[in-house]
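So the structure is just underneath, and the comments pick up after that.
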Amino acid sequence: MTEFDVEEVFTVALKAVKDAGEIIKEAFYKKKAVLTKSCAVDLVTETDQAVEKMLIGRIKENFPNHLFIGEESVAAGEKCDLTDETTWIIDPVDGTMNFVHSFPHSCISLAVLYHKDIHIGIIYNPILDQMFTAKLGQGAFLNDKPIQASEETELGKSLVIAECGTNWDLQTMESVLKNISALMNKVHGLRAMGSAALNMASVASGGADCYFQYGSHVWDIAAGTLIVREAGGVCIDTEGGPLDLMSRRMICASSEKLALQIIPLLTPLKLERD
Ligand code: IPD
């Protein structure tokens, strides 16, 4: 690849993410000033904004022509367009609700796409010092050690993550509750931990067998998609076809066989695309 040097981009990305992690660590156990976005449980803090600003500034110094889709920039009115250009997709604090409560399950999620393919995925929980990384075709790692999705294929033996989301409209709440009750007595266990990216990292590292969500955004899932796939798992659409990163719905699992047992149990939710 000539126009996109994955090693060069990865080096800058990793250093920037580590440095941004220091901003999160510094603020983590302090009282936060919290603002709401789309509803009372869709939160943003100064730290979300500071991390995104720092990351974009650092990346622009190194790659002035690259493009960005950042959660807080989009919230502030910037476009959310995914083109063939090199694009960095950033969630500065995924699990903002957890961050606000100092529940140590928040992370930075960063992906780099070229021609719409995800070439780099990084998910970093600075509080627990967990750095998940992947480069396309080169495997997935936790703190530099290779990780693998579990080998579980049976629904009844699977630990499944079903998020509650950050939207309190009636339709979304009904869908979340329907899906949880449809799975409740069919799986081994259900969890909801409040960070889409770390949920995907859990599937990639074999701690959970499946995670699905209606309502996630591209910045929640872009890095995790590569990390799960590079760890041997699958990320697909909740109707079973190929994943569309902008569609706001996704299921990832240790195997397609497992995902396809869960999909028929889910009640779809119609959502506006990113
Ligand atoms: C949220 C978290 C949460 C998921 C929501 C996301 P944020 O991201 O990942 O687990 O259920 O859909 O929006 O707002 O904390 O970056």
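The values are calculated or read from the model by the stated rules, or taken from the named source; none is laboratory data. None of the values given here were measured: they were computed from a predicted structure. Counting neighbours? That spans all protein chains shown, and the Cβs are built from the backbone with ideal geometry, glycine included. Protein only, heavy atoms only, side chains kept; ligands, DNA and RNA dropped before computing areas. Shrake-Rupley method; radii C 1.70, N 1.55, O 1.52, S 1.80 Å.
Results, tabulated for the structure shown:
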{"item": "Matching strands (runs of 3 or more DSSP E) fully within region 137-254 where at least 1 residues are touching a Pro at 6+ places or on another chain (Cβ under 8 Å), of a type in the set (A, V, I, L, M) and open to solvent by less than 30 Å² (accessible area, probe 1.4 Å)", "result": "140-142, 234-236"}
{"item": "Single residue of His115, His101 found to be over 22 Å from Gly206 (Cα atoms), more than 16 Å from the ligand (Cβ to nearest atom) and open to solvent by 50 Å² or more (accessible area, probe 1.4 Å)", "result": "His115"}
{"item": "Enumeration of residues in region 76-98 that are within 11 Å of the ligand (Cβ to nearest atom) and either assigned to a strand (DSSP E or B) or surrounded by fewer than 17 Cβ atoms within 10 Å (Cβ to Cβ) (or both)", "result": "Ile90, Asp91, Pro92, Val93, Asp94"}
{"item": "Index of the failed condition, Ala134 passing every other in (1) within 16 Å of the ligand (Cβ to nearest atom); (2) in contact with a strand residue (DSSP E or B) (Cβ under 7 Å, 6 or more places away or on another chain); (3) open to solvent by less than 40 Å² (accessible area, probe 1.4 Å)", "result": "(1)"}
{"item": "Residue tally, condition more than 14 Å from the ligand (Cβ to nearest atom) and open to solvent by 90 Å² or more (accessible area, probe 1.4 Å), over region 23-50", "result": "5"}
{"item": "Residue check, Lys53 within 16 Å of the ligand (Cβ to nearest atom) and of a type in the set (Lys, Arg)", "result": "yes"}
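Rundown of residues vs (1) within 11 Å of the ligand (Cβ to nearest atom); (2) within 18 Å of Leu177 (Cβ to Cβ); (3) touching a strand residue (DSSP E or B) at 6+ places or on another chain (Cβ under 7 Å), yes/no style:
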| site | (1), (2), (3) |
| --- | --- |
| Ala197 | yes, no, yes |
| Tyr211 | yes, yes, yes |
| Ser216 | yes, yes, yes |
| Arg229 | no, no, yes |
| Ile236 | no, no, yes |
| Leu265 | no, yes, no |
| Lys270 | no, yes, no |
| Arg273 | no, no, no |
